[in-house]
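One structure is given below, encoded as structure tokens.
The values are calculated or read from the model by the stated rules, or taken from the named source; none is laboratory data. Here the structure is a predicted model, which is why all the values come from computation and not from measurement. All Cβ positions, even for glycine, are placed from backbone atoms using ideal geometry, and neighbour counts span all protein chains on display. Note: accessible area is taken over every heavy atom of the protein model, side chains too, but ligands, DNA and RNA are not part of it. Shrake-Rupley method; radii C 1.70, N 1.55, O 1.52, S 1.80 Å.
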Amino acid sequence: MLPKSILEHTLVLDIETVSGAASYADLNPSMQKLWDLKAEALQRRLAEEEKMSPADYYPEKAGIYAEFGKIVCITVGVYIKNETGQYKLRLKSFYGDDEKALLQDFSAMLSKYFQRKGQQYICGHNIKEFDMPYICRRLIVQGLPLPAPLQIYGKKPWELHHFLDTMTLWKFGDYKAYTSLKLLCGIFGIPTPKDGIDGSQVGRSYWEDGDLDRIEVYCKKDVFATAQVLLRFMLEDPLALIFESADS
């Protein structure tokens, strides 16, 4: 069982990503060719009737891959204990059209507040395989340095102990299955965060509707849900957690 003592030293995180361009047609010819190869490889084992053209596949899947997508929102949350001993989660989002600017702001926050190596943690759902590699890759693409907690070049899985991955915690050593955050929320009785938008709609909300605010709210809900799941691993009541937005 995880000790409650780590809560006030844990940053809960989630990112939202979209394709790097509005459509396949907006890619330059060299990137189109590279996406053609990626789309072919991803669909190789599908039946012919299930396969999509690279152009149609692009808005569906490009945002998942850091080479073809970009980050439009990073939301973080920190646990704070009030005078009655109840925990609240203070949330802050870094979001916008300018990926480089939001990554700079996020990195500055990490560098300022996460300086005690081995004593602080970053928590998220599937962050070891998605969020953290994605952030690192996009930092490099944007020509930005990796903040100390993300300097994980060549690290072995067991050396990433400062990443608390709720999906990995749920595996208990079983590496065969993926368990969604929505499913964990369901079995723990936590209200689902997917109540107005889901991952498949983020790209459409961004490129077609220009609704970054809706994406930011969705990201906040995921962070809050993940924070509740982490409490459940400590045998605490996740529904007692309250949240507030940070002013700065």
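When segment 98-131 is examined, which residues are found to be closer than 25 Å to Pro3 by Cα, within 15 Å of the chain's Cα centre (by Cα) and open to solvent by less than 10 Å² (accessible area, probe 1.4 Å)?
Ile122, Cys123, Gly124, Ile127, Asp131
Checking Val18 against (1) out of contact with any Lys or Arg (no Cβ under 7 Å at 6 or more places or on another chain); (2) under 25 Å from Cys73 (Cα atoms): exactly one of these is not met. Which one?
(1)
Condition check: surrounded by 13 or more Cβ atoms within 10 Å (Cβ to Cβ), within 18 Å of Gly77 (Cβ to Cβ) and in contact (Cβ under 8 Å) with a residue 60 or more places away in the chain. Does Leu181 satisfy that?
Here the answer is no, as Leu181 does not meet what is asked.
Identify the single condition in (1) within 16 Å of the chain's Cα centre (by Cα); (2) at pLDDT below 90; (3) open to solvent by less than 90 Å² (accessible area, probe 1.4 Å) that Glu159 does not satisfy, given that it satisfies every other one.
(1)
Checking the conditions here, which among Thr179, Thr192 is at pLDDT below 90, within 22 Å of Ile122 (Cα to Cα) and over 14 Å from the mean Cα position of the chain (by Cα)?
When all the criteria are applied, what remains is Thr192.
Go through segment 39-53 residue by residue and tally those that are assigned to a helix (DSSP H, G or I) and more than 17 Å from Asp26 (Cα to Cα).
Within segment 39-53, residues that are assigned to a helix (DSSP H, G or I) and more than 17 Å from Asp26 (Cα to Cα) number 6.
Could you say whether any residue in segment 220-227 is in a helix (DSSP H, G or I), touching a residue at least 60 places away in the same chain (Cβ under 8 Å) and among the basic types (Lys, Arg)?
Yes.
Restricting attention to segment 42-61, does a residue exist that is in contact with a Lys or Arg (Cβ under 9 Å, 6 or more places away or on another chain), among the acidic types (Asp, Glu) and open to solvent by 40 Å² or more (accessible area, probe 1.4 Å)?
No; the residues of segment 42-61 include none that is in contact with a Lys or Arg (Cβ under 9 Å, 6 or more places away or on another chain), among the acidic types (Asp, Glu) and open to solvent by 40 Å² or more (accessible area, probe 1.4 Å).
Being of a type in the set (Ser, Thr, Tyr), within 26 Å of Ile140 (Cα to Cα), open to solvent by less than 20 Å² (accessible area, probe 1.4 Å) and touching a residue at least 60 places away in the same chain (Cβ under 8 Å) narrows it down to one residue among Thr17, Thr10; which is it?
Thr10 is the lone residue from the list that is of a type in the set (Ser, Thr, Tyr), within 26 Å of Ile140 (Cα to Cα), open to solvent by less than 20 Å² (accessible area, probe 1.4 Å) and touching a residue at least 60 places away in the same chain (Cβ under 8 Å).
Only one of these conditions is not met by Lys38: (1) under 29 Å from Ser5 (Cα atoms); (2) buried (at least 17 other Cβ atoms within 10 Å of the Cβ). Which number is it?
(1)
From the set of residues in segment 72-97 that are modelled with pLDDT of 90 or more and polar (S, T, N, Q), which is surrounded by the fewest Cβ atoms within 10 Å (Cβ to Cβ)?
The residue in question is Ser93.
Return yes when Glu60 is more than 30 Å from Gly85 (Cβ to Cβ), of a type in the set (Asp, Glu), modelled with pLDDT under 95 and part of a helix (DSSP H, G or I) and no when it is not.
Judged against the criteria, Glu60 is a match.
Does Gly77 count as within 18 Å of Ser19 (Cα to Cα), in contact with a Ser or Thr (Cβ under 9 Å, 6 or more places away or on another chain) and either assigned to a helix (DSSP H, G or I) or touching a residue at least 40 places away in the same chain (Cβ under 8 Å) (or both)?
For Gly77, the condition - within 18 Å of Ser19 (Cα to Cα), in contact with a Ser or Thr (Cβ under 9 Å, 6 or more places away or on another chain) and either assigned to a helix (DSSP H, G or I) or touching a residue at least 40 places away in the same chain (Cβ under 8 Å) (or both) - is not met.
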